[in-house]
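J.: My structure is below; once you've seen it, I'll send some questions.
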Amino acid sequence: MYQNTTPVKFPKDFLWGGATAANQIEGAWNEDGKGMTIEDCLPYREVGVADFTKQFAFTSRDLEEALAAGPDANYPKRRGIDFYHHYKEDIKLFAEMGYKVFRMSICWSRIFTDPRDEKPNEAGIAFYENMFKECRKYGIEPLVTLSHYDPPVVLVTDYRGWYSREVIDLFEKYARVCFERFGKYVTYWLTFNEVDAMLRHPVTSGGLIEDRFTDIPFEQAIYQAMHHQMIASAKAVKIGHEMLPDAKIGCMMTKLCFYPFTCKPEDNLANQQRMRGIYRYVDIQVFGEYPGYLKKEIENKGYRIRMNPEDARILKEGCVDFVSFSYYMTSCMAANTEGLDMAPGNTVNGVKNPYLPSSEWGWQTDPVGLRISLVELYDRYRKPLFIVENGLGAKDVIAEDGKIHDTYRCEYLKDHVEAMSDAINEDGVELWGYTWWGCIDLVSESTRQMSKRYGFIYVDLDDYGNGTYKRMKKDSFDYYRQVIESNGENLEYSHL
Ligand code: BGP
């Protein structure tokens with residue numbers, strides 16, 4: 001339990017809301033001219049909770065199988081929660097909770113069936129336009145991610161993902177269309193979700209399949225692809241600023257947080273190195289240049305990254321307006337992990353922290369770590385912050401009264417809201433808003449399960465695609481409404 005040190009209070013224009021991503025909710029994977037994405041090709045696999053690496057292992061053969069798969073094969077992202085056809089009902093429920101902001105992502109392959117097409121797909125544009133209008137109808141501000149883990153499959157079959165420099169131009173064309181067509185509805189934009197993630201799961205972030213890189217070390221290919229994504233992001237920021245002078249364009253990082261396992265200097269050093277690894281690409285997006293330690297890291301590995309002469313200028317001209325991040329859990333670092341218990345987390349493993357409880361998926365929940373993260377980020381970047389993902393994945397059970405009494409989710413929310421409040425009121429952090437991850441149940445990114453539920457709204461669907469897709473409010477639905485209504489001040493949930 002978090003012990004707040006100051007009374008809970010938020011700025012009056014604080015943006016409360018929920019977060020999702022196209023590939024985890026939309027479904028309708030082959031409707032209205034949508035092209036295929038790499039997420040549509042990720043099969044459901046039964047693996048242990050700590051085994052995210054097995055989920056993300058993806059070969060050319062897996063791709064071939066996916067492309068040939070029939071309608072009975074279990075590719076959960078193809079169905080999502082069918083938000084594509086339920087969006088009006090879902091946004092109405094978000095409005096009922098009082099959302100000020102709704103984070104979602106645009107699927108590149110809906111806007112361009114093939115990213116090489118000259119003209120965008122009008123049916124895809126119409127879907128997002130209608131969705132934004134629906135948000136605006138309720139006074140909900142859309143917060144849009146241009147790319148959340150769903151590279152068009154063509155980038156994988158006909159290019160080598162983000163390793164190919166041509167992808168930058170294709171992305172630029174896509175970003176322009178989004179700014180041009182949706183700019184009247186959208187003020188808050190993010191370029192790439194969890195921009196650091198390509199180093200942990202290269203296929204979903206970069207469209208990189210290891211067996212296609214026999215000519216160079218795969219790790220070098222990832223650094224190269226990251227460079228291209230940095231250039232694409234900087235270009236999108238610059239173009240967005242030019243086309244939409246009022247737009248706020250941010251970066252998005254996985255805010256992992258590690259503690260040294262002991263006070264041994266070696267554990268502290270290991271921790272510092274690990275934390276730097278988390279910041280390296282956001283440093284570029286905020287400061288507009290490679291940090292020295294990243295250049296050294298690449299050099300020490302003996303890699304050379306191809307850069308064009310204009311790249312330094314592009315990076316400088318595309319610095320972000322704010323820093324957004326996901327935050328779920330923390331774990332520890334030790335110089336020597338032999339004999340220590342390990343704990344899984346958000347696509348990372350760390351040494352288990354004996355002072356923290358774990359979720360059913362082994363993620364160690366830690367509201368204090370959120371406060372620490374807010375302070376670290378604000379001190380480092382001096383930019384406004386936005387928490388665009390935070391939440392608890394749990395196995396919800398429908399009780400005998402037909403309801404879902406998810407007080408564990410309310411408790412998690414309360415603790416993190418209190419930690420945010422302290423960061424604002426005691427530590428002086430500028431925080432624009434908070435969007436709970438998976439505000440409606442959705443397909444998990446790391447496990448592709450429906451049974452790992454985050455939502456305030458239950459969706460009747462299981463891991464195998466059985467169910468009615470019916471939506472149902474959980475107890476946390478009323479709780480979040482109360483939290484928003486009181487601008488974070490009424491956090492009592494014992495009445496639920
Ligand atoms: C973040 C991703 C999200 C989301 C979340 C929860 O890293 O940006 O897409 O899924 O983690 O993770 P999971 O779905 O694996 O529980």
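J.: Write down the percent of antiparallel bridges among all DSSP beta bridges whose residues are both part of the chain, to the nearest 5.
T.: The answer is about 20 percent antiparallel.
J.: Sticking with this structure for a sec: With n ≥ 4 as the cut-off for DSSP H runs, can you work out [θ] at 222 nm for the chain, using -39500 (n - 2.57) per run divided by the number of residues, rounded to the nearest 500?
T.: Result for the chain, helices only: -12000 deg cm²/dmol.
J.: While we're looking at this one, here's another question. Which shape class applies to segment 225-337: rounded if a/c is under 1.5, otherwise prolate when a/b exceeds b/c and oblate if not, where a ≥ b ≥ c are the square roots of the Cα gyration tensor eigenvalues?
T.: oblate
J.: I need to check one value: relative contact order of the chain, counting alpha carbon pairs closer than 8 Å and at least 6 residues apart, in percent.
T.: Relative contact order of the chain: 19 percent.
J.: Please work out whether segment 320-441 counts as rounded, prolate or oblate from its C-alpha gyration tensor, where a ≥ b ≥ c are the square roots of the eigenvalues and a/c under 1.5 means rounded, while otherwise a/b larger than b/c means prolate and anything else oblate?
T.: Cα axes put segment 320-441 in the oblate bin.
J.: I need the shape label for segment 29-179. Rule: rounded when a/c is under 1.5, else prolate if a/b > b/c, else oblate, with a, b, c from the alpha carbon gyration tensor.
T.: Oblate, since a/c reaches 1.5 and b/c is not below a/b.
J.: Within segment 427-495, list the GluC sites (Glu not before Pro) lying in a DSSP loop whose Cβ has at most 13 other Cβ atoms in a 10 Å radius.
T.: For GluC sites (Glu not before Pro) across segment 427-495 that sit outside H, G, I, E and B with at most 13 neighbouring Cβ atoms in 10 Å, the list reads GLU492.
J.: Can I ask one more? Among LYS119/LYS248; LYS54/LYS255; LYS88/LYS414; LYS184/LYS248; LYS100/LYS184, which pairs are too far apart, with a Cα-Cα distance over 21 Å?
T.: Over 21 Å Cα-Cα: LYS119/LYS248; LYS54/LYS255; LYS88/LYS414.
Laboratory data are not the source of any read-out in this text; all were calculated from the coordinates shown. Fair warning: this is a prediction, and the values are worked out from it, not measured in the lab. FYI the Cβ positions are ideal-geometry reconstructions off the backbone, even for glycines, and counts take in every protein chain you see.
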